[in-house]
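K.L.:
Dropping the structure in here first, questions after.
The values are calculated or read from the model by the stated rules, or taken from the named source; none is laboratory data. Quantities reported herein were computed from a predicted structural model and do not represent experimental measurements. In case anyone asks, the SASA skips ligands and DNA or RNA and just uses the protein heavy atoms, side chains included. Shrake-Rupley method; radii C 1.70, N 1.55, O 1.52, S 1.80 Å.
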Amino acid sequence: QVQFVESGGGLVQPGGSLRLSCAASGSAFSLYVMGWYRQAPGKQRELVARINSGHSTDYPDSVKGRFTISRDNAKNTVYLQMNSLKPEDTAVYYCNLYPSRDIWGQGTQVTVSL
């Protein structure tokens with residue numbers, strides 16, 4: 001069964017940048033549509049980026065132009081480059097398949113604050 005391990009979160013000031021990484025197990029990684037999701041306290045988990053096997057990407061308006069998802073199939077890894085971070089980006093970030101399955105990792109905390 002596929003598993004995910006997220007890393008790269010931290011505390012950053014508004015306007016700063018972070019790069020998240022997600023290592024996935026499984027031999028079929030290159031075929032997966034992958035997504036990055038986030039969950040802020042008291043809110044539902046939401047999709048913030050997705051990338052298909054052909055490297056086409058999609059973003060909601062809330063992060064478009066600031067976040068970039070990419071993947072390295074040789075490393076079974078998906079990345080999320082986050083620029084111009086805002087306090088409202090504060091959340092735990094997870095990767096998963098898209099559509100998601102009930103196989104969430106531990107996530108990585110991103111806190112945007114002065």
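K.L.:
Roughly how many Å² is the accessible area per residue of region 67-107, as a whole number, for a 1.4 Å probe?
P.N.:
Working: 1900 Å² over 41 residues.
Result: 46 Å² per residue.
K.L.:
Run the accessible area of the chain with a 1.4 Å probe and give the carbon-and-sulfur part as a rounded percent. Mind dumping the intermediate values first?
P.N.:
Details: 2810 of 5980 Å².
Carbon and sulfur atoms account for 47 percent of the accessible area of the chain.
K.L.:
Normalised by the residues of the chain, what does the relative contact order come to in percent, with Cα pairs under 8 Å and at least six apart?
P.N.:
Working: 272 pairs, mean separation 42.7, N = 114.
Dividing the mean separation by the residue count of the chain yields 37 percent.
K.L.:
Would you mind computing the Rg to Rh ratio of the chain from its alpha-carbon coordinates, Kirkwood style for Rh?
P.N.:
Computed over Cα atoms, the ratio is 0.94.
K.L.:
Using a 1.4 Å probe on the protein heavy atoms only, what accessible surface does S113 show? Give it in Å² to the nearest 10.
P.N.:
That residue has around 50 Å² of solvent-accessible surface.
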